[in-house]
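The values are calculated or read from the model by the stated rules, or taken from the named source; none is laboratory data. If you're wondering where the values come from, they're calculated on a predicted model, not measured in any experiment.
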Amino acid sequence: MTHLVPLAKEVDDDKVTPGVLGFIVFAVMALAVWGLMKSMNRHMRKVDFKDPEERSEKEPVGAAAGEDSSSASKKKPGAGN
């Protein structure tokens, strides 16, 4: 690391710019954040924010999970549904 110190003294402080590498790193980070936000939005749409008590008052539990009434009646109670 000490062999790079003389190179740093030759660089003019007024002319240092991020350059192409800085732009590429920034663009990759921006694309990563955009992809993460898109994925988060997709996962958040799947979340059911209703409490189980509110759900049971308004609709049957089987209907909330996307089951029809015939498959819900075939399950045995206490069988670890």
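Structure data summary
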{"read-out": "Flag if Ser69 is among the polar types (S, T, N, Q) and modelled with pLDDT of 75 or more", "value": "no"}
{"read-out": "Residue within segment 10-17 that is at pLDDT below 95 and in a helix (DSSP H, G or I) present", "value": "yes"}
